[in-house]
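Just below is one structure, and these are the notes that go with it.
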Amino acid sequence: MQSHAFSKMNEYLKVLRLKMDSKNYMKLQAIKVPSVHQFIAEAAELCNPEKIFVADDSPEDIAYIKRMALETGEEKPLAIPEHTVHFDGPYDQGRDREATKYLVPKGEYLSKALNQIDRDEGLAEELFTILNQQRERLLKAREKFGTDYVPPE
C-alpha cells in the first residue's frame with residue numbers, strides 16, 4: 001500500500017513530466033522529497049514554462065546554465081575568459097528598506113536598521129510572495145531552471 005506522501009509525490013511528478021525531457025525528469029525523480037516536487041509543481045503552475053531544467057551541479061549542467069544565460073541575454077561576456085556581467089533593469093535598482101527582508105540563519109543578526117527574518121521561516125514565504133507578485137511579468141516561453149536544493153521541512 002502506498003503512503004499518502006508517495007501518492008502526492010507521484011501526482012506532482014505526473015504533472016511535471018509534461019514539461020521535462022527524460023533526462024531532467026530522471027534527475028527530479030531521484031529527489032525523494034515530496035515537498036520539493038510540490039514546490040516545483042506550484043512554481044510551474046504559476047510561471048507556466050515551456051520546459052523545466054533540473055541542475056545537478058555536474059560540469060555539463062553548469063556549462064548549460066552559463067550558455068543559456070548568455071544566449072538569453074541575462075549575462076553579457078567580458079573580455080576575461082569565463083567571466084560575465086549582469087545588469088539589472090531600471091525597475092530593479094532600488095530596495096525599499098521597509099519591504100525588503102534579509103534572510104538570516106537562526107542565531108545570526110545583521111544591523112538593527114535592516115528588516116530581518118529567520119532564513120528557514122522566510123524562504124518559502126518570501127519566494128511564494130515573489131512568485132505571485134511577478135506572475136504577470138513572467139514570460140511563458142522562458143525555460144524554468146531548478147537545482148537539487150532541498151528546502152527545510
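Would you confirm whether or not region 87-110 contains a residue that is at pLDDT 90 or above, in contact with a Gly (Cβ under 9 Å, 6 or more places away or on another chain) and assigned to a loop (DSSP other than H, G, I, E, B)? Among the residues of region 87-110, not one is at pLDDT 90 or above, in contact with a Gly (Cβ under 9 Å, 6 or more places away or on another chain) and assigned to a loop (DSSP other than H, G, I, E, B), which makes the answer no. With a requirement of 2 or more residues that are without any contact (Cβ under 8 Å) to a residue 12 or more places away in the chain and either exposed (fewer than 13 other Cβ atoms within 10 Å of the Cβ) or aromatic (Phe, Trp, Tyr) (or both), the helices (runs of 4 or more DSSP H) lying completely within region 10-72 that satisfy it span 22-29, 59-71. Contact map, region 80-93: residues that are closer than 18 Å to residue 62 by Cα paired with residues that are of a type outside the set (A, V, I, L, M, F, W, C) and at pLDDT 70 or above, Cβ distance under 6 Å, separation 6+ or inter-chain. Pairs shown: 84/75; 84/77; 85/76; 86/75.
Does residue 143 satisfy the condition of being closer than 24 Å to residue 43 by Cα, in contact with a Pro (Cβ under 9 Å, 6 or more places away or on another chain) and either at pLDDT 85 or above or charged (D, E, K, R) (or both)? In short, yes. Listed by first and then second residue, the pairs linking a residue in region 107-126 that is over 22 Å from residue 43 (Cα atoms) to a residue that is basic (Lys, Arg) and surrounded by 14 or more Cβ atoms within 10 Å (Cβ to Cβ), with Cβ atoms under 6 Å apart and 6 or more places separating them unless they lie on different chains, are 115/101; 117/101.
The values are calculated or read from the model by the stated rules, or taken from the named source; none is laboratory data. As the structure is a prediction and not an experimental result, all values here were calculated from the model. A quick note on method: Cβ atoms are made from the backbone with ideal geometry, for glycine too, and the neighbour counts reach across all protein chains shown.
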